[in-house]
Amino acid sequence: MICPNCQTPNRESARFCDGCGYELPTVDPVVGMRAPVREVLAPEPFDPVPDPFEEEDDEIDLGLLRPVTVSSAPTIELPDADDDEDEAAASAVVKEPVYLPVIDEAGRNTADVVTEPLEVLEQKDEAAEAVPVEAMPVEQEHAGGYRVADESALATHHAKRRRFSKRKAIIFALIACLIAAIIIAITAGAHVLGGRSVPNVIGMSQMDATYMIQEAGFRVKVEEVVSDEVEGIVLSTDPAAGSRMAEGATVTVRISIARVIPEVVGKPLEEAQGLLGENGFTNIEVTRAKSNEPADTVLTVTPAALTRSRADALITLEVAEPFRVPDVTGKSQEEAVDALEAEGYSVNVQRYNTEDAPEGTAVKTDPAAGTVLASGSTVALSIAHNRSVELVELTRQFFADSPTLTMDGQLYEMSKVGEVAYEGGNSCAFSITVRPIQTVTWFGTQTETRYGNYQTVNGTMTWTESNQIASVEPPLKQGG
């Protein structure tokens, strides 16, 4: 069966044309007559605006192939020689390309078929009548399942795309040059009108920062700033990075230096704390130690001076606390001496006569307790001595040392010492038993001792601080 559309020979039982996919009529056309072709109005050719950012593709642009679905085969009408209108319709030519689907054996549309204008097809039909079927050109299969009747259209399409790609590259190059020129013009204008921009050198070494700033056309002034940051890096600049200044202006660069503990030993505590605060130290602890240095003088600092340290590190100051005479009142003599010597004092023990403290206990010191006194000085320690005991013993001893006493010119023989009691004021009351004694001489050669009756004598004996008898009542003395 001959396809009325493309004149391609097909099998008698074929339903669609093997060449163009056209639905074949069920009735064979009359031999020698060419079936008129119903005019199919194709849409205007679609020429999409090329995308300037689309990469060049050597394959066929599917957007250019727009299928027109033919719902049913055209009706084949036999021409009438007398009918001019039918003849004109039979010779009508569609100038535009016709896009028809290619239907596979399962009835699915697998690709688009590009056919040539009907006018060209008619010319080929006329040529095909004289050409054997075996000599007819076979349409080529294109990658992707398309059959292309005319490869020249595809070559023309690729040539256009290549020309457009070249134009696109030229346009992009021109745009890039324009942008670069604008940037250069803006930068140059900024330098001329607004000065130069201070570069960002934060975190750089002093050498690198100095080089960059000088390269930017500025002078450099360096200031050292105590910091916990890495030593020798740029902390900030004045003016800040990005500021615009005239060429030759000065940029101050602040360089970090290590934080070290200042020399504070020997300084007053208040001054030492001020120096530490100026260097950024905030964690300061004060301890005290006995010293002959003036009160609150710094004796030591930990860590030692000139040591690198962070601002929040613990700094311990040991300051002087003066020596003071300790209070030893009521302690035994031994305990009092030990306490005074522990403070570095030399001790001079003195007896202190008193009845207000137990015998042998500390009564007082000279200087008095609490007095600021340099270590190594001498402290007088007074130890209580009860006069009552001493003077009673002295009084008893007075009467025991002599067997006779003389009272009011009369000699008495001591018989015994009775009660002796301390009355205060270095005075003791006593009671003694005595008897008068008298020696008589007879005839110038013989003597006789005569004793009177025993009698009790009560009196008072007063002593001096040096344990000498100040007075005795009644008056009496040892011996005759």
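Tell me, which residue of the range 337-367 that is in a loop (DSSP other than H, G, I, E, B) and touching a residue at least 40 places away in the same chain (Cβ under 8 Å) is surrounded by the fewest Cβ atoms within 10 Å (Cβ to Cβ)?
Among those residues, the one meeting the criterion is 355.
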Of all residues in the range 393-409 being assigned to a helix (DSSP H, G or I) and not small (Gly, Ala, Ser), which is surrounded by the fewest Cβ atoms within 10 Å (Cβ to Cβ)? 397
Exactly one of 433, 447, 462 is at negative phi, without any contact (Cβ under 8 Å) to a residue 12 or more places away in the chain and in a strand (DSSP E or B), and that one is 447
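This table checks each residue for (1) surrounded by 15 or more Cβ atoms within 10 Å (Cβ to Cβ); (2) within 16 Å of residue 474 (Cα to Cα).
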position: 411; (1), (2): yes, yes
position: 415; (1), (2): no, no
position: 424; (1), (2): no, no
position: 442; (1), (2): no, no
position: 448; (1), (2): no, no
position: 451; (1), (2): no, no
position: 456; (1), (2): no, yes
If you check residue 420 against the conditions, is it within 26 Å of residue 469 (Cβ to Cβ), in a helix (DSSP H, G or I) and touching a residue at least 12 places away in the same chain (Cβ under 8 Å)? no
Within the range 423-436, is even one residue touching a Gly at 6+ places or on another chain (Cβ under 9 Å), at pLDDT below 90 and over 12 Å from residue 459 (Cβ atoms)? no
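Just checking, which of 220, 230, 192 is modelled with pLDDT of 95 or more and either aliphatic (A, V, I, L, M) or in contact with a Phe, Trp or Tyr (Cβ under 9 Å, 6 or more places away or on another chain) (or both)?
Working: 230 fails: modelled with pLDDT of 95 or more; 192 fails: modelled with pLDDT of 95 or more.
Residue meeting the stated conditions: 220.
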For residue 246, indicate whether it is more than 20 Å from the chain's Cα centre (by Cα) and either farther than 30 Å from residue 343 by Cα or in contact (Cβ under 8 Å) with a residue 12 or more places away in the chain (or both). yes
Scanning the range 194-249 for residues that are among the acidic types (Asp, Glu) and part of a strand (DSSP E or B), which turns out farthest from residue 276 (Cα to Cα)? 238
Residue, nearest to residue 257 (Cα to Cα), within the range 312-334, restricted to residues that are under 32 Å from the mean Cα position of the chain (by Cα) and surrounded by 14 or more Cβ atoms within 10 Å (Cβ to Cβ): 313
In this structure, is residue 207 out of contact with any Leu (no Cβ under 8 Å at 6 or more places or on another chain), free of Cβ contacts under 8 Å to residues at least 24 places away in the same chain and closer than 26 Å to residue 260 by Cα? yes
Restricting attention to the range 289-296, does a residue exist that is over 30 Å from residue 364 (Cα atoms) and either of a type outside the set (Phe, Trp, Tyr) or out of contact with any helix residue (DSSP H, G or I) (no Cβ under 6 Å at 6 or more places or on another chain) (or both)? no
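The values are calculated or read from the model by the stated rules, or taken from the named source; none is laboratory data. Note that this is a predicted model, so its numbers are computed, not measured. Here the Cβ is made from the backbone with ideal geometry for all residues, glycine too, and neighbour counts use every protein chain on show.
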